[in-house]
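Reading through the structure tokens given below for one structure.
The values are calculated or read from the model by the stated rules, or taken from the named source; none is laboratory data. Quick caveat: nothing in here was measured; it's all calculated off a predicted structure. As a convention, Cβ positions derive from the backbone with ideal geometry for all residues, glycine included, and neighbour counts pool all protein chains shown.
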Amino acid sequence: MDLKSRSKVDPSFNMSSMTDLVFLLLIFFIILSTMVSPYALPVDLPNSNNKSSEKQTVSLSIHADNIYSVGTKIINPANLEFELKQAMRVHKEKSLVLHVDKAVPTGQTVEVLDIAKRNKWKIVLATKPA
């Protein structure tokens, strides 16, 4: 008498679906990392341990050599408030991310803070992680 079962179950695990999933996740993160780009010109920022969860709307950079830029557009400091109002016009949430070089005098930063207060904008000071 032959008592062995006729249908044998293969106990091995098929890894092809797992590798497909890993490759899809890898492609997702590669594409996502290329889409993330800075919204401002590079500035030598001060260090800080604090983190902010503020959504970035308008970015203002003040460079050490007194060059102001809104986003990537270099502007004249005399027209700063007008340019910021123009940039804020297209955003629902009125917040300003301020990138100030370490060498910029505090008075220039205070002028920007005053403009933001007059127009009732939220302001976030950008820093480098420590």
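Please work out which residue is surrounded by the fewest Cβ atoms within 10 Å (Cβ to Cβ), limiting yourself to segment 56-89 and to residues that are assigned to a loop (DSSP other than H, G, I, E, B) and in contact with a Ser or Thr (Cβ under 6 Å, 6 or more places away or on another chain). First the steps, then the outcome.
If we filter segment 56-89 for residues that are assigned to a loop (DSSP other than H, G, I, E, B), which is where we start, we get 56-57, 63-67, 71-72, 76, 89.
Those still in the list that are in contact with a Ser or Thr (Cβ under 6 Å, 6 or more places away or on another chain) too: 57, 71.
Numbers: Thr57: 19, Gly71: 15.
Once the filter is applied, the top-ranked residue is Gly71.
For segment 89-112: of the residues being of a type in the set (A, V, I, L, M, F, W, C) and free of Cβ contacts under 8 Å to residues at least 12 places away in the same chain, which is nearest to Thr127 (Cα to Cα)?
Within segment 89-112, the first condition is being of a type in the set (A, V, I, L, M, F, W, C), and the residues that meet it are 90, 96-98, 100, 103-104, 110, 112.
Next, only the ones that are free of Cβ contacts under 8 Å to residues at least 12 places away in the same chain stay: 90, 110.
Details: Val90: 25, Val110: 17 Å.
For segment 89-112, the residue satisfying everything is Val110.
Tell me yes or no: at least one residue of segment 18-27 is closer than 30 Å to Leu125 by Cα and either in a loop (DSSP other than H, G, I, E, B) or modelled with pLDDT of 65 or more (or both).
Keep residues of segment 18-27 that are closer than 30 Å to Leu125 by Cα, which gives none.
Within segment 18-27, not a single residue is closer than 30 Å to Leu125 by Cα and either in a loop (DSSP other than H, G, I, E, B) or modelled with pLDDT of 65 or more (or both).
Take the conditions among the polar types (S, T, N, Q), modelled with pLDDT under 85 and either farther than 30 Å from Val100 by Cβ or over 16 Å from the mean Cα position of the chain (by Cα) (or both) and apply them to Asn49. Does it pass?
Details: among the polar types (S, T, N, Q): yes; modelled with pLDDT under 85: yes; either farther than 30 Å from Val100 by Cβ or over 16 Å from the mean Cα position of the chain (by Cα) (or both): yes.
Taking the combined requirement at face value, the residue satisfies it.
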